[in-house]
Structures are given as structure tokens and as C-alpha cells.
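A.B. asks: Next up is a structure, given as C-alpha cells.
The values are calculated or read from the model by the stated rules, or taken from the named source; none is laboratory data. Quantities reported herein were computed from a predicted structural model and do not represent experimental measurements. Backbone-built Cβ (ideal geometry, glycine too); neighbour counts: all protein chains shown. Heavy atoms of the whole protein, side chains included, go into the accessibility calculation; ligands, DNA and RNA do not. Shrake-Rupley method; radii C 1.70, N 1.55, O 1.52, S 1.80 Å.
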Amino acid sequence: MRKIIIAGNWKLNKTIKEAVELVNGLKQDLAQTKEVDIVVCPVYPALSEVSKLTAGSNIGLGAQDLYWEDAGAFTGEVSAPLLKDAGCQYVIIGHSERRQFFGETDATVNKKIGAALKHGLTPIVCVGEVLAERESNKTFDVIKTQVTGAFSGYSAEDMKKIIIAYEPVWAIGTGKTASPEQAQEVHKFIRDLLVKMYDVGTAQTVRIQYGGSVKSDNARELMSQPDIDGALVGGASLKRDQFVALVQNANVKK
Ligand code: PEP
């Protein structure tokens with residue numbers, strides 16, 4: 001059985017002080033939550049401070065991106081060893097905002113996955129179609145290209161350590177959520193693709209999160225779908241009460 005995993009992507013929000021306040025609140029409210037894996041992904045400068053609070057708790061820590069080289073003349077970049085040093089266990093790779101605004105491609109996603117795995121970070125690899133692609137019936141082609149490009153060259157053992165986040169770009173930050181059926185259809189497509197690329201056991205092991213305007217009031221229905229194993233959450237992860245309610249509602253028995 002795959003354990004539900006809810007990750008909050010805080011994007012470019014919250015000062016270090018605000019990040020600390022939010023995590024302290026989440027620790028209090030979610031201390032008893034054992035059935036759901038919880039992760040927060042603050043901005044880089046807050047990671048180290050937040051890790052002092054998440055260490056030994058049931059809240060994991062993730063970064064929002066990384067660079068594939070460990071060190072060197074790469075001004076402005078952050079590497080996997082540094083994220084480990086700051087206390088991270090997870091790293092988001094290939095978020096649609098990175099693809100849209102910062103030139104991320106399937107090839108760079110592929111390299112970043114290697115760096116994360118090499119240093120023991122769990123990659124949360126984002127894929128998803130834009131509205132025009134959905135409307136022209138290209139969703140499955142786009143997802144197939146992104147998934148095969150991202151995981152090309154990685155073994156089944158590597159794949160078992162990776163989390164995928166299916167995030168239809170038209171649903172991110174827009175308040176438009178994919179219906180549970182629309183999301184399930186793509187999640188199943190991804191899992192079937194993993195069967196073809198690897199094997200049934202690997203495909204059944206990999207957790208596939210949904211992302212796109214997930215809130216406390218739609219979390220239960222989405223998480224109840226057979227191939228949805230969690231959520232990557234933007235807006236609703238920034239407020240203590242909303243994120244706590246979302247995590248609690250995501251705790252569904254399948
Ligand atoms: C995201 O950025 O990964 C996301 C899903 O954002 P939101 O929940 O705000 O749509």
C-alpha cells in the first residue's frame with residue numbers, strides 16, 4: 001500500500017521568521033498524524049532554520065529546486081550536497097514555474113534527478129500539460145514525453161525512490177481543479193507507462209501526487225482515487241489552518 005504524501009510548496013513566500021512560525025504551528029497541530037507523510041518546501045534561505053524544527057518530527061523538509069553539479073563556478077545555484085547539509089530529505093524538480101519562467105527542460109530535469117538520487121534526496125518530479133495541450137487532446141503525448149525524458153537512463157531501483165507530481169498547469173494557482181476523474185485518468189496513464197518502462201512492482205511502488213488548487217474541501221475526493229497518492233500544494237500550504245485541514249482530510253483509507 002502506498003502511503004499518502006502531502007507536500008507544501010511555499011514558492012517565493014515567507015520570511016525566515018514567518019516560515020518558523022508556520023512550521024511551529026504545523027508541528028503542534030499535526031503531531032498525531034502518522035498515516036500521512038507531510039513535507040514543507042520553504043525558500044532556500046529558510047531551510048536551515050526550519051530544519052532545526054522539523055528534525056525528529058513527523059514533518060519532512062524539501063527544497064524547491066537544485067542544480068545538478070555538486071559545486072563550482074555556477075553563480076546563484078544550489079546543489080544537492082548543500083540541500084542535504086541544510087537538512088532536506090526531498091527536492092521538487094521540474095515544477096511548471098521552473099519550466100515556464102526559468103528554461104527547465106526534460107533534459108535538465110533528468111540531470112537534476114541524478115544529482116538528487118546520488119546524494120540521497122527524494123526527488124518530487126513534476127509533469128503536466130498546459131491548457132492548450134489539454135484542449136487539443138495532447139495531454140497523454142505531453143505526459144509521455146515528460147515522463148520518458150525525465151526518467152530516461154534510471155533503473156527500477158532508482159525509480160522506486162522517486163515521487164511524481166502530476167500538475168496540470170491550467171489548475172495551478174487558478175482555483176480550477178482537475179476533477180477527480182480527470183486526475184485519476186492521467187495518474188493511471190502514468191502508472192501504466194511505468195509498467196512499460198519498468199515493471200508492475202515498480203509501477204505499484206511509485207507514489208504519484210496530484211497538484212493544482214488542492215484545498216481541504218477537495219482533498220478527500222482526490223485522494224480517494226486509486227492512483228492518487230498525495231498532493232503537491234501551493235496556495236493552501238501557506239496558511240496553518242488550511243494546510244492542517246487539508247492534511248487531515250487527505251487521510252483516506254483505500
Ligand atoms: C503548485 O505550485 O505546485 C501548486 C499545485 O499550486 P496551487 O496548489 O496553488 O495550485
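A.B. asks: Does the stretch 121-142 hold any residues that are away from the ligand (no atom under 16 Å from the Cβ) and either among the aromatic types (F, W, Y) or over 16 Å from the mean Cα position of the chain (by Cα) (or both), and which are they?
C.D. replies: A132, E133, E135, S136, N137, K138, T139, F140, D141, V142
A.B. asks: What pairs can you find where one residue is in the stretch 1-29 and free of Cβ contacts under 8 Å to residues at least 12 places away in the same chain and closer than 17 Å to Q248 by Cα, the other is away from the ligand (no atom under 14 Å from the Cβ) and open to solvent by less than 10 Å² (accessible area, probe 1.4 Å), and their Cβ atoms are less than 8 Å apart, with a gap of 6+ or different chains?
C.D. replies: No pair meets every condition.
A.B. asks: Another question, then. Just for the stretch 87-108: of the residues that are within 13 Å of the ligand (Cβ to nearest atom) and not in a helix (DSSP H, G or I), which one is farthest from E129 (Cα to Cα)?
C.D. replies: Ranking the candidates gives I92 first.
A.B. asks: Kindly check whether there is at least one residue in the stretch 179-195 that is within 16 Å of the ligand (Cβ to nearest atom) and free of Cβ contacts under 8 Å to residues at least 24 places away in the same chain.
C.D. replies: The answer is yes, given that some residue of the stretch 179-195 is within 16 Å of the ligand (Cβ to nearest atom) and free of Cβ contacts under 8 Å to residues at least 24 places away in the same chain.
A.B. asks: Any chance the stretch 37-49 includes a residue that's among the polar types (S, T, N, Q) and not in a helix (DSSP H, G or I)?
C.D. replies: No; the residues of the stretch 37-49 include none that is among the polar types (S, T, N, Q) and not in a helix (DSSP H, G or I).
A.B. asks: Here are some conditions: (1) assigned to a helix (DSSP H, G or I); (2) out of contact with any Lys or Arg (no Cβ under 9 Å at 6 or more places or on another chain). T33 meets all but one. Which one does it not meet?
C.D. replies: All conditions are met except number (1).
A.B. asks: Do you know which residues across the stretch 159-178 are assigned to a loop (DSSP other than H, G, I, E, B) and at pLDDT below 95?
C.D. replies: I172, G173, T174, G175, K176, T177, A178
A.B. asks: Quick check on L61: is it under 27 Å from V252 (Cβ atoms), touching a helix residue (DSSP H, G or I) at 6+ places or on another chain (Cβ under 9 Å) and assigned to a helix (DSSP H, G or I)?
C.D. replies: no
A.B. asks: Being in a helix (DSSP H, G or I) and within 15 Å of T122 (Cβ to Cβ) is true for just one of K84, K52, K27, K17. Which residue is that?
C.D. replies: K84
A.B. asks: Another one. Run down T33, T105, T15, T75 and say which single residue is within 21 Å of M223 (Cα to Cα), open to solvent by 10 Å² or more (accessible area, probe 1.4 Å) and of a type in the set (S, T, Y).
C.D. replies: Only one candidate qualifies: T33.
A.B. asks: So, one more: Go through the stretch 130-159 and give me each residue that's open to solvent by less than 20 Å² (accessible area, probe 1.4 Å), over 15 Å from Y198 (Cβ atoms) and among the hydrophobic types (A, V, I, L, M, F, W, C).
C.D. replies: Hit for the stretch 130-159 is I143, nothing else.
A.B. asks: With the requirement that a residue be outside any helix (DSSP H, G or I) and either open to solvent by less than 20 Å² (accessible area, probe 1.4 Å) or under 29 Å from T205 (Cβ atoms) (or both), what does the stretch 230-254 give you?
C.D. replies: Scanning the stretch 230-254 gives G230, A231, L232, V233, G234, A250, N251, V252, K253, K254.
A.B. asks: On to the next question. Is there any pair with a first residue in the stretch 211-224 that is open to solvent by 60 Å² or more (accessible area, probe 1.4 Å) and a second that is more than 11 Å from the ligand (Cβ to nearest atom) and in a helix (DSSP H, G or I) whose Cβ atoms are under 6 Å apart and which are 6 or more apart or on different chains, and what are they?
C.D. replies: Going by the 6 Å Cβ cut-off, the qualifying pairs are R220/N249; E221/P180.
A.B. asks: For the structure I just gave you, tell me whether V127 is in contact with a strand residue (DSSP E or B) (Cβ under 7 Å, 6 or more places away or on another chain), under 30 Å from R220 (Cβ atoms), buried (at least 20 other Cβ atoms within 10 Å of the Cβ) and modelled with pLDDT of 95 or more.
C.D. replies: Yes.
A.B. asks: In the list T174, T205, which residue meets the criterion of being among the polar types (S, T, N, Q) and either farther than 24 Å from A63 by Cα or within 14 Å of the ligand (Cβ to nearest atom) (or both)?
C.D. replies: Answer to the check: T174.
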